[in-house]
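Heads up, the thing below is written out as structure tokens.
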């Protein structure tokens, strides 16, 4: 499972809110850090404090729930649009038969992405961090890492 899948699996377990599910057991089952599970529990508490209906919480992705708890009411259509654009990119990568090359040598992929745009590797890492705090600026030409 990729990181996004692991996060969604953990979020599903956290939303179930079963007494037998400890932070450690959820983290182990989903393959993520205990601190992330703690963060998820805090987000769940915050959503309940905001009186978000249980049914709505049950339908939220982890990213959407986290944003909502931070006061961001991201439009579901926007999230769907982002997912659709991501899928188009996946399809393009598959059509170009680049998937294997991108995953075989991550260090070479990182160098290639930095050559494409100096800020891209940092933006990707920021997107994958918990919580995402750094916004991607495609016009930022500042080198971020020495490869």
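Values in this text are rule-based calculations from the coordinates and carry no lab data. These figures come from a predicted structure and were not determined experimentally. Virtual Cβ from ideal backbone geometry, glycine too; neighbours counted across all protein chains shown.
General remarks:
- Spin-label model distance (nm) - residue 118 vs residue 105, 7 Å beyond Cα toward Cβ: 2.5
- For the pair residue 38 and residue 87 in one chain, pulling the backbone fully straight at 0.36 nm per residue adds 14.6 nm over the alpha carbon distance.
- For region 26-111, a/c is not less than 1.5, where a ≥ b ≥ c are the root eigenvalues of the C-alpha gyration tensor, and a/b does not top b/c. That puts it in the oblate class.
- Averaging the Cα positions of each part gives two centres, and for region 30-62 and region 111-126 these lie 30 Å apart.
- Packing-based exposure ordering (other Cβ within 10 Å, fewest first) of 118, 17, 51: 51, 17, 118
- Förster-model FRET efficiency, 22 Å R0, residue 23 and residue 46, C-beta, rounded to 0.05: 0.85
- Taking label positions 7 Å along the Cα-Cβ direction at both residue 59 and residue 127, the computed distance is 2.6 nm, reported to one decimal.
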